[in-house]
């Protein structure tokens, strides 16, 4: 990634706030300008043209009106996956929600945020199986990149998809379902935005549930050698946070379901770590006001599964993110491999989070057919330094066939990534079927997928 894409001044941003609506300006209010950078301000898009359709028909018109485009959601990607030099098609106007209580599914517009959807579902007595660490992300963007929460028994967010509707390069609407379309469906769900603009997604839901959250401090990494599976399998969802110093995780966040005994009094010690006596933020020194409630207080599922509250800017704000997925059976060795680079990593990092994700059968999912440990880096906005560290981390994790998160920064190229995904060639063939002329292909996809 060229350095010029990062950390440009606010003057450049102000100069590139042009947007384009689908309807004539005399017929409807002017659309809200879409910022020309990702949410953290560390990646800047290369087009001023943002089409903002309000329904599926307008998405079709938008797709037909341009020779190249990329879908754009809540701008939570840290690399160029949503970038275009011609046009972006915002999905944020697609927020309809249709609950089928009998089938235990909900059909939603691709642009709705998980935090918005969660509140509507809970009001009807339903819930999703999991959420990511922040609720600010759109449904379509999250599933397209296999974004995830935590829990050894919990698949990523895309595993809840039972049907997907997209507008392909010719403007035609296609619907693929788990029940009817078999392997093609499994290939399309984590679609990287390469098949078209996802307009609707149908998700599996379950009865609403309540949760608690507790935090422990100072877990020695020595405990992971023989207890990694037991530790990561505690509760419904668990995260370890570290800066790679002192051979420890400075915080352990455990989220528990009340219907699974999660309201029981937590023990004062957890594998040598001490129960926190006050609310904490994953990044030392940051205000815990932004974080979801802890201290074993009972709350709604969507108020405990994320780390951050919907009403606050999540994490640290201006940051760069990277994440690698390794087979869970190599979890401890992978942690030690990264720890060996602590002198290089720690000066440039806010925090690293370690999580577990269940295996799935979605072709381009980072957890495809392997239970995984995800090692996530929240970097300071210091791209010159970070881009030098990433190849070192990737070299250390190469023996474990580490797969990078599609929406975060990494250095691997197509030839390397191809070897990590058994269905990579099948996916490319699927892309060719829905987008034969490459309307939705951009520099990012060319670099990391097509070569």
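If I take R0 = 45 Å and measure r between the Cβ atoms of residue 120 and residue 424 in this structure, what FRET efficiency does the formula 1/(1 + (r/R0)^6) give, to the nearest 0.05?
0.80
So what's the angle, to the nearest 10 degrees on a 0 to 90 scale, between helix 114-123 and the longest Cα principal axis of the chain?
80 degrees
Before rounding to the nearest 500, sum -39500 (n - 2.57) across all DSSP H runs of length at least 4 in the chain and divide by the residue total; then give [θ] at 222 nm in deg cm²/dmol.
-5500 deg cm²/dmol
Of (1) 63, 51, 43; (2) 68, 53, 40; (3) 68, 54, 46, which is the value of Cα extents along the principal axes in Å derived from the coordinates here?
(1)
How would you order 359-365, 267-273 from highest to lowest mean count of nearby Cβ atoms within 10 Å?
359-365, 267-273
Can you give me the angle between helix 383-397 and the longest principal axis of the chain, using Cα atoms only, in degrees from 0 to 90, rounded to the nearest 10?
Taking the Cα atoms of the chain, the angle to 383-397 is about 70 degrees.
Compute the whole-percent fraction of alpha carbon pairs in the stretch 80-187 spaced more than 21 Å apart.
Result for the distance tail: 39 percent.
How far, in nm, would the chain grow between residue 413 and residue 247 when pulled straight, counting 0.36 nm per residue and subtracting the alpha carbon separation?
56.6 nm
Can you tell me how much longer the chain between residue 443 and residue 86 gets when fully stretched, taken as 0.36 nm per residue apart minus their C-alpha distance, in nm with one decimal?
Separation in residues times 0.36 nm, less the Cα-Cα distance, equals 127.3 nm.
Defining a contact as two alpha carbons under 8 Å apart and six or more residues distant in sequence, what relative contact order in percent does the stretch 163-309 show?
24 percent.
Taking the chain as the reference, fit the longest principal axis to its C-alpha atoms, fit the long axis of helix 424-434 to the helix C-alpha atoms, and give the angle between the two in degrees, 0 to 90, nearest 10.
Helix 424-434 sits at roughly 30 degrees to that axis.
Order 413-421, 368-376 from most to least packed using the mean count of other Cβ atoms within 10 Å.
Ranked from most to least packed, the peptides come out as 368-376, 413-421.
Let me check against my output: what whole-number percent is the relative contact order of the chain, with C-alpha pairs under 8 Å and at least 6 apart?
It comes to 16 percent, rounded to a whole number.
Between residue 277 and residue 153, what is 0.36 nm times their sequence separation minus the Cα-Cα distance? Round to one decimal in nm.
Full extension of this stretch gives 41.8 nm more.
Once the mean 1/r over all distinct Cα pairs of the stretch 163-262 is inverted, what Kirkwood radius in angstroms do you read off?
Final number for the Kirkwood radius of the stretch 163-262 is 17.2 Å.
Run the numbers on the stretch 210-414 and let me know its relative contact order in percent, using alpha-carbon pairs under 8 Å that are six or more apart.
22 percent
What's the ranking of 108-119, 54-65 by average number of surrounding C-beta atoms within 10 Å, highest first?
108-119, 54-65
Read the figures in this text as sums done on the coordinates, not as results from a lab. Since the model is a prediction, treat every value here as computed from it, not as a measurement. Counting neighbours? That spans all protein chains shown, and the Cβs are built from the backbone with ideal geometry, glycine included.
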